[in-house]
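Here the structure comes first, spelled out in structure tokens, and everything after it is commentary.
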Amino acid sequence: MITFYSDTHRLHHGSELKDGVLMPCFEMPSRADTVLNRVLQQQLGEVLPPQQFGVEHYAGAHSLRYLSFLQNAWEEWRASGRDHDALPLVWPVRDLRSDLEPEFIDGKLGFYAMDAGVAITAGTWQAVKTSADLALSGMEAIQRGGQHAAFALCRPPGHHAAHEYMGGYCYLNNAAIAAQYARSHGAKRVAVLDVDYHHGNGTQSIFYQRDDVLFLSLHGDPKNSYPYFSGHRDELGAGDGFGYNLNLPLPHGTDWQGYCAALQTACQHIAGYAPDVLVVSLGVDTFKDDPISSFLLENDDYLRIGQMLARLGLPVLFVLEGGYMVDDIGVNAVNVLQGFEGA
Ligand code: OKP
Ligand code: ZN
């Protein structure tokens, strides 16, 4: 399988608040290094740099004013006299005004964020742009290059980012951007299957009203897992999109037995939808030793995930999302890809 990768991810290494103290984010550069090393060690296939895409290619998933916010936020923050990571700390919840974009950067940060897990640093825009370009390059290789499958080794991840907000280490929704690119380049129907531990609220939100992109997600039940405010079973889509959104929340402690049954259900829905291409939001924070999640999958279970996906017989773009047990994310992510390839 072909892999798209760039070193540019290194430009983004933010901090988050942990137990009241600013600490390096769990979402750190060594994650991508571990995955790339495993790709090379297992000789998965060619590793290619991304093509560069224009900002208009991200506009299928995000608003133009959000994209310019992301591009300019660091400079505006610097201009206000600060040079540590920019973090949002105020949000327009419920009856506060969310129809007016504030002018000052501190207001904009909250206006365009769902939480404080999204530091803006000097290299953030470059890194998130390149991450999206990796997903676009992967989809391009499938649609025009005739590849049956591709792996976009994305960092930062994307699935919490919605039309106009960032959150949970995510800025641009790489999977959604690739799905929309597929729609604009000949695919009639696209399915996005999100197997990250956390609900892909951003991807769900972007396609919630649409029947041309089916979204399915297996995740920790939002009753007790981040992102808390999205991912319940009764979120089925709206308008034309009603019936084209499937959430399969699972309890803490879910192991392969419970996971496999839910994945089977998701695969049946995908088969019934008969998409032209499948995008897999590939998070491996479902691993038993993941420091921020609570499922119990083991290394070999990821081979089985890949095997089950292969049985769909569809072209697949794998887009890396989360996974924070750095020692194991290379093995686990590449196990999915090798299981898919029948290795
Ligand atoms: C991202 B992905 C607030 C940050 C909360 C939530 C975890 C995000 C997971 N300080 N962190 O889905 O793996
Ligand atoms: Zn996650």
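The values are calculated or read from the model by the stated rules, or taken from the named source; none is laboratory data. Computed from a predicted model, the values in this text were never measured in an experiment. Note that we place each Cβ from the backbone using ideal geometry, even for glycine, and neighbour counts take in every protein chain shown. Only protein heavy atoms, including side chains, enter the accessible area calculation; ligands, DNA and RNA are left aside. Shrake-Rupley method; radii C 1.70, N 1.55, O 1.52, S 1.80 Å.
Shape of segment 2-340 from its Cα gyration tensor (a ≥ b ≥ c, root eigenvalues): rounded if a/c is under 1.5, otherwise prolate when a/b > b/c, or oblate? Mind showing how you got there, number by number?
On the way: a/c = 1.36, a/b = 1.31, b/c = 1.04.
Verdict is rounded for segment 2-340.
Between A32, L64, L17, the Cα set farthest toward the positive side of the dipole of the chain (charges on each charged residue's Cβ, about the Cα centre) is that of L64. In sequence order, segment 162-179 has phi-based couplings of 10, 3, 9, 8, 9, x, x, 6, 10, 10, 10, 8, 4, 5, 5, 4, 5, 5 Hz under the Karplus curve 6.51 cos²θ - 1.76 cosθ + 1.60, θ = phi - 60°, and Gly or Pro positions carry x. Packing order of peptides 211-220, 323-332, 294-303, highest average first: 211-220, 323-332, 294-303 (average count of other Cβ atoms within 10 Å over each peptide's residues). Each residue of segment 273-278 was assigned a 3J(HN,Hα) from its phi angle through the Karplus expression (A = 6.51, B = -1.76, C = 1.60, θ = phi - 60°), giving 6, 6, x, 7, 8, 10 Hz with x at Gly and Pro. Using alpha-carbon positions, what is the distance between the centroids of segment 221-239 and segment 84-146, in Å? Answer, in whole Å: 21. Which residues does a label at H269 reach in segment 150-179, if reach means a backbone N under 17 Å from a point 7 Å past the Cα toward the Cβ? Only 176 fall inside the zone, counting backbone N under 17 Å.
What is the packing order of peptides 180-187, 283-290, taking the mean over residues of other C-beta atoms within 10 Å and listing the highest first?
Values: 180-187: 19.1, 283-290: 23.6.
Highest mean packing first, the order is 283-290, 180-187.
Selection among F104, P50, V331 by position relative to the dipole of the chain gives P50 as farthest towards the positive end (Cβ unit charges, Cα centre). Relative to the Cα centre, the charge distribution of the chain, modelled as +1 at Lys and Arg Cβ and -1 at Asp and Glu Cβ, gives a dipole magnitude of about 540 debye.
Of the solvent-accessible surface of the chain, computed with a 1.4 Å probe over protein heavy atoms with every protein chain present, carbon and sulfur atoms account for 51 percent. Summary of packing: across the peptides 123-129, 255-261, the per-residue average of other C-beta atoms within 10 Å ranks them, highest first, as 123-129, 255-261. Spin-label model, H185/D327: points 7 Å from Cα along the beta carbon direction are separated by 4.0 nm. Gyration tensor analysis over the Cα atoms of segment 127-286 returns equivalent ellipsoid semi-axes of 23, 18, 15 Å (largest first, whole Å). Mean projected area of the Cα convex hull of segment 1-53, taken over all directions, amounts to 4.8 nm². Close amide H partners of V192, meaning residues 5 or more places away or on another chain with modelled amide H under 5 Å apart, are L214, F215, L216, V279.
Determine the per residue accessible area of segment 8-109 with all protein chains present and a 1.4 angstrom probe, expressed in square angstrom.
Normalised by residue count, the accessible surface of segment 8-109 is 61 Å².
Surface calculation, 1.4 Å probe, protein heavy atoms: F53 sits at approximately 20 Å² accessible.
The 3J(HN,Hα) values that the Karplus relation (6.51, -1.76, 1.60; θ = phi - 60°) gives for segment 24-32 are, in residue order, x, 4, 4, 7, 10, x, 4, 4, 5 Hz. Gly and Pro appear as x. Shown for the chain: lysine pairs separated by 8 or more places, or found on different chains, whose C-alpha atoms are under 25 Å apart, numbering 5.
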